[in-house]
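Please read the structure below before turning to the comments.
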Amino acid sequence: MPPPGQGAAAAAVEAVFRIERAALIGGLLRLVRNLDVAEDLAQDAMEAALADWPRGGVPERPGAWLMATAKRRAIDRFRRDRMLGRRHAEIGWEGEVAQDVAGAIDAALDDGIGDEVLTLVFTACHPMLPPESRAALTLRLIGGLTVPEIARAFLSNEPTIAQRITRAKRSIAEAGLVYEVPRGAALAARLASVLEVLYLIFNEGYAATAGEALTRPDLCAEACRLGRILAAAMPAEPEVQGLLALMELQASRLAARSGTDGALVPLPAQDRRRWDRTRIRLGLAALARAEALGGAEGPYALQAALAACHARARTADATDWPRIAGLYDRLLAAMPSPVVALNRAIAHGMAFGAAAGLRLLAVIEEKGALRGYAPLPAAIGDALFRLGRRGEAKVAFAAAAGMTRNERERDFLLGRAADCVAPSGRGCDAP
């Protein structure tokens with residue numbers, strides 16, 4: 001390609017690096033056995049591209065160019081460290097001459113990109129790390145987000161996020177992990193950890209736990225992007241397809257979840273013309289793949305099937321609530337948790353009447369596992385409101401408003417409390 005301008009070249013490097021970064025770091029990681037070193041080598045390759053591409057033009061295979069450059073830097077590093085007597089500490093590679101290392105690096109970087117990315121994903125999401133550390137490390141290594149970007153995404157401060165990432169890398173190094181995709185029986189447990197991290201990232205974008213914004217679409221987009229990479233690399237894993245389906249279907253509603261003023265719009269009141277039909281098609285296709293692979297009863301596939309019920313309903317009144325209630329019965333059996341039980345109670349209330357839902361909610365409240373969890377009193381308030389018990393509903397909505405840390409949700413719940421005095425037809429955000 002002809003030499004681009006400086007700005008165009010920088011944009012090209014950024015775009016290519018974002019696409020190739022995970023594969024590049026994953027390929028290097030298996031050789032240098034050190035996350036920091038692998039990141040440094042990848043960054044060196046990017047800086048070399050920033051210096052070279054404005055003069056010589058963007059190469060025909062820019063990803064291969066970055067890999068070849070990183071390889072040369074790795075060999076140079078090996079030689080330097082060998083001379084300094086720190087070969088084992090930095091590289092951890094057995095071989096007598098640099099040429100042997102060069103050949104091995106060539107072979108590794110020629111492997112399928114899927115394996116390289118998966119190596120990195122399974123390393124960053126290792127279950128020995130706390131969930132919040134797994135999420136931060138995943139966004140850093142695979143997503144390519146900077147520490148300030150991750151801190152903003154999770155409404156944290158930069159030193160905290162940097163410390164999480166540093167500790168996670170140290171824990172991985174001290175554990176002496178083998179940098180490879182687990183096989184056989186080990187795969188299931190490790191894959192569950194990977195899926196948990198991706199959904200944690202997505203959920204923080206879909207329903208921000210704190211702050212002024214109701215959603216953070218950039219986080220949802222990143223989780224979906226990582227989900228597509230994982231699904232492409234592991235096409236025979238039904239729960240991977242199920243999670244991708246769930247995220248795509250839920251993300252299809254992002255634009256309709258808030259009004260022009262940023263206020264929360266509950267599901268029954270959303271303008272379904274604003275739902276992203278392309279994402280719905282992608283989600284339904286992934287759900288079909290999960291079910292064809294025999295994964296219809298998997299937790300993520302069941303949640304995707306629930307989201308599909310809403311996606312297929314052209315209007316709120318057309319929602320198949322009895323089917324949703326039945327799916328929640330199955331989900332509670334597959335994934336017992338107080339939150340699933342709460343959503344099941346809401347669904348039963350929509351399918352079989354507010355009184356039926358309120359009875360189930362009372363059982364959950366009595367158990368106390370969701371004490372302080374705003375959606376529980378919000379659901380109780382909605383059931384009471386529908387039963388005409390508005391004084392009690394007002395108390396429940398006010399209690400829920402006092403529990404949430406998200407300003408938009410708080411405003412919505414206070415509005416529901418006000419509606420108990422002057423009804424305006426608002427509704428709960430259904431599961």
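The values are calculated or read from the model by the stated rules, or taken from the named source; none is laboratory data. For clarity, every value in this text was computed on a predicted model and none was experimentally measured. No Cβ is skipped: glycine too gets one built from the backbone with ideal geometry, and neighbour counts run over all protein chains shown.
Observations on the model:
- Scoring ARG314 on the criteria (1) farther than 18 Å from ILE380 by Cβ; (2) in contact with a Lys or Arg (Cβ under 9 Å, 6 or more places away or on another chain); (3) in a helix (DSSP H, G or I) leaves a single failure, condition (3).
- LEU129 within 14 Å of ILE165 (Cα to Cα), outside any helix (DSSP H, G or I) and either at pLDDT 80 or above or of a type in the set (Phe, Trp, Tyr) (or both): yes
- When residues of the range 158-179 are limited to those that are surrounded by 13 or more Cβ atoms within 10 Å (Cβ to Cβ) and part of a loop (DSSP other than H, G, I, E, B), the one nearest to the chain's Cα centre (by Cα): TYR179
- The listed residues are ALA290, ALA285, ALA311, ALA318, and the only one of them that is at pLDDT 95 or above, under 21 Å from the mean Cα position of the chain (by Cα) and surrounded by fewer than 21 Cβ atoms within 10 Å (Cβ to Cβ) turns out to be ALA285.
- The single condition from (1) surrounded by fewer than 19 Cβ atoms within 10 Å (Cβ to Cβ); (2) part of a helix (DSSP H, G or I) that ARG183 fails is (2).
- Looking across the range 300-350, just one residue is farther than 24 Å from VAL240 by Cα and of a type in the set (Lys, Arg), and that is ARG314.
- Matching entry among LEU230, LEU214, LEU191, LEU200 (being closer than 25 Å to ASP411 by Cα, among the hydrophobic types (A, V, I, L, M, F, W, C), in a helix (DSSP H, G or I) and under 17 Å from the mean Cα position of the chain (by Cα)): LEU200
- Count of residues meeting criterion [outside any helix (DSSP H, G or I), among the aliphatic types (A, V, I, L, M) and at pLDDT 50 or above] in the range 53-103: 1
- Qualifying residue in the range 215-234 (condition: touching a Cys at 6+ places or on another chain (Cβ under 7 Å) and either in contact (Cβ under 8 Å) with a residue 12 or more places away in the chain or surrounded by 23 or more Cβ atoms within 10 Å (Cβ to Cβ) (or both)): no
- Looking across the range 233-243, just one residue is among the charged types (D, E, K, R) and in a helix (DSSP H, G or I), and that is GLU239.
- Restricting the range 52-82 to residues that are among the aliphatic types (A, V, I, L, M), surrounded by fewer than 18 Cβ atoms within 10 Å (Cβ to Cβ) and within 16 Å of ASP40 (Cα to Cα) leaves a set whose member that is nearest to the chain's Cα centre (by Cα) is ALA68.
- Some residue of the range 196-212 being at pLDDT below 90, over 26 Å from VAL117 (Cα atoms) and not small (Gly, Ala, Ser): yes
- For the range 133-155, the tally of residues that are in a helix (DSSP H, G or I) and either in contact (Cβ under 8 Å) with a residue 40 or more places away in the chain or basic (Lys, Arg) (or both) stands at 8.
- From the list ALA347, ALA341, the one residue that fits, being closer than 25 Å to TYR199 by Cα, free of Cβ contacts under 8 Å to residues at least 24 places away in the same chain and either surrounded by fewer than 15 Cβ atoms within 10 Å (Cβ to Cβ) or of a type outside the set (Ser, Thr, Tyr) (or both), is ALA341.
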